[in-house]
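*Asks:* I am attaching a structure below and will ask some questions about it afterwards.
The values are calculated or read from the model by the stated rules, or taken from the named source; none is laboratory data. None of these values were measured; they are calculated from a predicted model. Virtual Cβ from ideal backbone geometry, glycine too; neighbours counted across all protein chains shown. The accessibility values were calculated without ligands, DNA or RNA, using every heavy atom of the protein model including side chains. Shrake-Rupley method; radii C 1.70, N 1.55, O 1.52, S 1.80 Å.
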Amino acid sequence: MTTFGLIRHGSTYWNKEGRIQGHTDNSLDEEGLQQAAAIAERLSGEQWDFIYSSDLLRAKQTAEVIATRLGIEITGLVPGIREMSGGLIEGTLETERVERWGSEWKSLELGLESFEAGLLRGSQAIKEIAGKHPGAKILVVSHGAILRSTLKGLIPELDVSEFLKNTSITRITQADDVWHCELYNSVEHLNI
């Protein structure tokens with residue numbers, strides 16, 4: 001059985017402001033670094049073999065904190081698990097989107113990557129990682145929207161309507177090409 005710990009990156013200033021990040025390469029804020037240290041401490045009592053990260057800075061920084069605490073190297077940066085593109089809305093607040101495009105902005109073609117595209121991209125990336133390390137325990141540090149899409153691609157019956165919190169961990173397993181979710185959006189390490 002192959003086990004994955006899927007982790008959303010720590011918080012950024014744009015998270016706090018409510019700005020869409022997408023592919024924008026923001027760094028963690030101070031709280032994000034503290035959150036990364038908290039999830040790293042939580043994971044230090046467990047055995048993990050590999051750690052992969054999105055190629056975006058906020059995920060890489062989170063993965064670096066975890067890898068250092070666990071004493072393992074980051075195995076690779078994977079563009080396939082980078083956040084979904086926000087197109088023209090990257091960097092904007094809801095109020096700015098309504099001002100620019102009206103209250104029905106979600107129905108417009110603004111260059112956003114679709115849920116379905118993210119589902120295919122993300123689930124393929126996770127399957128490729130699983131194929132490289134059968135039977136291993138693998139951490140993947142990524143982003144909220146792409147992780148939810150990926151999970152839906154791997155486990156169609158899973159309810160992914162709950163937004164993933166910063167540094168939440170979702171644990172999934174794969175055996176005989178069947179995926180199962182054991183834990184979803186857990187942030188007990190943050191004491192919230």
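*Asks:* Of Arg100, Arg171, Arg42, which is the most mobile in a GNM of the chain whose springs link Cα atoms less than 10 angstrom apart?
*Replies:* Arg100
*Asks:* Now, a different point. Report, in debye and to the nearest 20, how large the dipole of the range 80-172 comes out about its Cα centre when Lys and Arg carry +1 and Asp and Glu carry -1 on their Cβ. Before the final figure, lay out each step's value.
*Replies:* Values: 12 positive and 13 negative charges, 120 e Å.
For this selection, approximately 580 debye.
*Asks:* When the chain is treated as a GNM, springs tying every alpha-carbon pair under 10 Å, which of Phe115, Phe50, Phe163 comes out with the largest mean-square fluctuation?
*Replies:* Among Phe115, Phe50, Phe163, the largest mean-square fluctuation in the Gaussian network model of the chain belongs to Phe163.
*Asks:* Say we join alpha carbon atoms closer than 10 Å with springs in a Gaussian network model of the chain; which of Leu139, Leu154, Leu108 then has the biggest fluctuation?
*Replies:* Leu108
*Asks:* Return one whole number: the accessible area per residue of the chain in Å², for a 1.4 Å probe. Don't jump to the answer; show the numbers that get you there.
*Replies:* Working: 9130 Å² over 192 residues.
Per-residue accessible area for the chain comes out at 48 Å².
*Asks:* Now a separate question. What distance in nm separates the two pseudo spin-label positions at Gln47 and Glu182, each 7 Å out from Cα along the beta-carbon direction?
*Replies:* 1.2 nm
*Asks:* Among the GluC sites (Glu not before Pro) in the range 36-101, which ones are in a DSSP loop with at most 16 other Cβ atoms within 10 Å of the Cβ? Mind listing them?
*Replies:* Working: sites: Glu41, Glu46, Glu64, Glu73, Glu83, Glu90, Glu94, Glu96, Glu99; in loops: Glu46, Glu73, Glu83, Glu90.
For GluC sites (Glu not before Pro) across the range 36-101 that sit outside H, G, I, E and B with at most 16 neighbouring Cβ atoms in 10 Å, the list reads Glu46, Glu73.
*Asks:* Something else now. Pop a pseudo-label 7 angstrom from the Cα along the beta-carbon direction at both Tyr13 and Ala175 and give the gap in nm to one decimal.
*Replies:* About 4.8 nm, to one decimal.
*Asks:* Tell me the Kirkwood hydrodynamic radius of the range 35-192 in angstroms, computed as one over the mean inverse distance between distinct C-alpha pairs.
*Replies:* When all Cα pairs of the range 35-192 are included, the Kirkwood radius is 16.7 Å.
*Asks:* For the range 116-192, which whole percent of the accessible surface, found with a 1.4 angstrom probe, sits on carbon and sulfur atoms? Provide the component values of the computation, followed by the final result.
*Replies:* Working: 1860 of 3570 Å².
Roughly 52 percent of what the probe reaches on the range 116-192 is carbon or sulfur.
*Asks:* Just want the answer: with Cβ charges of +1 for Lys and Arg and -1 for Asp and Glu, which residue in Trp14, Val65, Ile81 is farthest toward the dipole's positive end in the chain?
*Replies:* Sorting the options by dipole projection puts first Val65.
*Asks:* Percent of accessible area on the range 9-76 owned by carbon and sulfur, 1.4 Å probe? Provide the component values of the computation, followed by the final result.
*Replies:* Working: 1430 of 3010 Å².
Roughly 47 percent, rounded to a whole number.
*Asks:* Just reorder Tyr184, Tyr52, Tyr13 by solvent-accessible area, largest first, 1.4 Å probe, all chains present. The partial results should precede the final answer.
*Replies:* Values: Tyr184 55, Tyr52 15, Tyr13 145 Å².
I get Tyr13, Tyr184, Tyr52, largest accessible area first.
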